[in-house]
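A.B. asks: What follows is a structure written as structure tokens; I'll ask about it next.
The values are calculated or read from the model by the stated rules, or taken from the named source; none is laboratory data. Source: prediction; values computed, not measured. Please note: Cβ atoms are built from the backbone with ideal geometry, for glycine as well, and neighbour counts cover all protein chains shown. Ligands, DNA and RNA are excluded from the accessible area calculation, which covers all protein heavy atoms including side chains. Shrake-Rupley method; radii C 1.70, N 1.55, O 1.52, S 1.80 Å.
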Amino acid sequence: MTDTGLATRKAAVELLRAVLAQRRPIDEALDAHLALRELEPRDRAFTRLLLTTTLRRLGQIDALIDGALKTPLPRGAATVRDVLRLGLSQRLFLATPSHAAVDTSVELAGLTGFAGMKGLVNAVLRRLAEDGPSLLAGQDAARLNTPDWLWTRLADAYGAETAAAIAEAHLHEAALDLSVKADPEVWATQLDARLLPSGSLRREAGGLVPELPGFSEGAWWVQDAAAALPARLFGPIPGRRILDLCAAPGGKTAQLVAAGAEVTAIDRSTRRLKRVAENLERLGLTAGLHTGDAESFTGGAPYDGVLLDAPCSATGTIRRHPDVPRLKGPEDVAKLAAAQARMLRHAVELVRPGGILIWCTCSLLPEEGESQIDRLLAEDDRLMRVPVAASEIGGAAELLTAAGDVRTLPSHWTDLGGLDGFHIARLKRRS
């Protein structure tokens with residue numbers, strides 16, 4: 001193995017530990033890994049692919065390892081399991097040649113301080129490199145790769161069949177979706193992308209985002225097709241004053257500004273707000289940016305419209321962030337739901353009579369979506385739900401609930417490549 005190959009795999013082991021043991025999000029762990037910055041872009045991309053694939057298939061991989069071990073790994077040998085996980089991920093899911101996946105993993109075991117277990121690593125991986133494909137065929141991949149707590153919540157909310165379809169969708173990495181300022185048909189051709197019914201562009205081909213046509217001139221920005229729906233539900237907004245709470249990373253802010261609104265965007269993180277500013281500068285768009293808390297910000301109120309994209313478990317984004325089900329649990333959902341309720345009640349006070357409040361979360365869990373809106377409407381008679389029409393979301397009636405909210409699932413639009421999971425509701429404050 002080359003020094004570079006060893007460095008990429010060593011980085012992957014360290015990053016996997018950061019996610020699973022230290023509970024750090026993938027993006028945060030990648031940004032903080034100094035040695036990774038020294039690698040070539042291709043090697044950094046491979047490290048990320050190896051890490052995300054291993055997390056996406058972690059349940060299957062662990063089941064294979066447990067079945068191959070005669071006795072459990074000793075306490076203190078968690079790194080050895082990670083080496084085995086990465087080796088199997090390469091061999092079974094990334095088509096790395098068997099000898100390369102095994103040999104690099106054996107060497108990595110020694111490099112990480114477990115030279116005495118190189119023989120075990122070699123034996124387990126050689127056996128599974130041969131038997132693994134047939135064993136995979138007998139696994140229930142969707143169920144194995146979904147933690148028990150999340151599987152139970154999904155089955156309770158949507159039924160076992162839909163829960164299985166959602167979990168199956170999580171096994172496939174999401175395509176690159178883009179929102180454009182104008183001329184979507186033109187940019188679909190320029191970017192070799194597909195124009196989705198909702199107006200977003202979907203690009204299947206690879207390539208570095210900053211090198212794609214239109215990036216440097218600010219013609220478009222990266223934004224999942226489901227995430228692009230909430231900002232479109234205000235209706236005509238040229239000249240209207242819109243408050244974007246929890247604005248980072250700024251995709252919805254950009255949509256609102258590009259549509260002609262006078263936008264105030266806030267976020268509690270100065271670092272994340274800086275990213276919003278950078279994105280808007282590249283796009284040639286301007287908004288009023290303020291560091292603030294969505295539970296207490298009052299500057300400029302009342303507004304014609306308020307968009308609250310509340311912090312949530314992000315279970316709707318697992319296709320893009322396979323670390324989410326390993327980092328979150330029921331206790332996190334309960335805390336987040338309580339904070340969402342406070343933000344939602346405060347957001348109502350920021351909307352003028354007759355104004356519109358758009359609520360959304362990228363969560364699959366009703367307690368972070370439908371239940372929040374049902375409770376608010378029951379408690380506050382100043383509000384009324386304004387049902388969303390299919391024509392407002394590209395004719396996609398299958399994305400609408402009986403109450404008129406939008407509920408997208410990763411298992412929707414399977415023929416088009418799926419969607420992130422979102423709940424979106426439109427409320428009006430009575431005059």
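A.B. asks: Given the conditions (1) touching a Ser or Thr at 6+ places or on another chain (Cβ under 7 Å); (2) buried (at least 17 other Cβ atoms within 10 Å of the Cβ), which single one is not true for L94?
C.D. replies: (2) is the only condition that L94 fails.
A.B. asks: So which pairs qualify, if the first residue must be in segment 236-254 and within 24 Å of R345 (Cα to Cα) and in the same structural domain as W359 (by the TED database), the second must be among the basic types (K, R) and buried (at least 24 other Cβ atoms within 10 Å of the Cβ), the Cβ gap must be under 8 Å, and the two must be at least 6 apart or on different chains?
C.D. replies: Listed by first residue and then by second, the contacts come to D244/K252.
A.B. asks: If a residue must be among the basic types (K, R) and open to solvent by 70 Å² or more (accessible area, probe 1.4 Å), how many such residues does segment 274-290 contain?
C.D. replies: Result for segment 274-290: 2.
A.B. asks: Considering each residue of segment 391-431, count those that are under 18 Å from G159 (Cα atoms) and of a type in the set (D, E), and give that number.
C.D. replies: Residues flagged as under 18 Å from G159 (Cα atoms) and of a type in the set (D, E) within segment 391-431 amount to 1.
A.B. asks: Can you tell me which residue is farthest from P387 (Cα to Cα) among those in segment 229-249 that are touching a Gly at 6+ places or on another chain (Cβ under 7 Å) and assigned to a loop (DSSP other than H, G, I, E, B)?
C.D. replies: Out of the qualifying residues, it is G239.
A.B. asks: Considering only helices (runs of 4 or more DSSP H) fully contained in segment 1-53, which possess at least 3 residues that are open to solvent by less than 30 Å² (accessible area, probe 1.4 Å)? Quick ask: steps written out before the conclusion?
C.D. replies: Details: elements: 3-20, 26-32, 34-37.
In segment 1-53, 3-20, 26-32 are the helices (runs of 4 or more DSSP H) which contain 3 or more residues that are open to solvent by less than 30 Å² (accessible area, probe 1.4 Å).
A.B. asks: Could you please find all residues in segment 70-106 being in contact with a Gly (Cβ under 8 Å, 6 or more places away or on another chain) and more than 16 Å from L15 (Cα to Cα)?
C.D. replies: Listed by number, the residues that qualify are L88, R91, L92, A101, V102, T104.
A.B. asks: OK, next. Considering only segment 143-184, how many residues are among the acidic types (D, E) and under 18 Å from the mean Cα position of the chain (by Cα)? Break it down stepwise before answering.
C.D. replies: Of the residues in segment 143-184, the ones among the acidic types (D, E) are 148, 156, 161, 168, 173, 177, 183.
Of the ones still in play, those that are also under 18 Å from the mean Cα position of the chain (by Cα) are 168, 173, 177.
Of the residues in segment 143-184, 3 are among the acidic types (D, E) and under 18 Å from the mean Cα position of the chain (by Cα).
A.B. asks: Out of segment 383-412, which residues are on the phi > 0 side of the Ramachandran plot and touching a residue at least 60 places away in the same chain (Cβ under 8 Å)?
C.D. replies: Taking segment 383-412 and keeping what is on the phi > 0 side of the Ramachandran plot, we get 394-395, 404.
Result: G394, G395.
A.B. asks: Can you go through L154, L178 and tell me which one is surrounded by 18 or more Cβ atoms within 10 Å (Cβ to Cβ) and part of a helix (DSSP H, G or I)?
C.D. replies: Numbers: L178 fails: part of a helix (DSSP H, G or I).
So the residue among L154, L178 that is surrounded by 18 or more Cβ atoms within 10 Å (Cβ to Cβ) and part of a helix (DSSP H, G or I) is L154.
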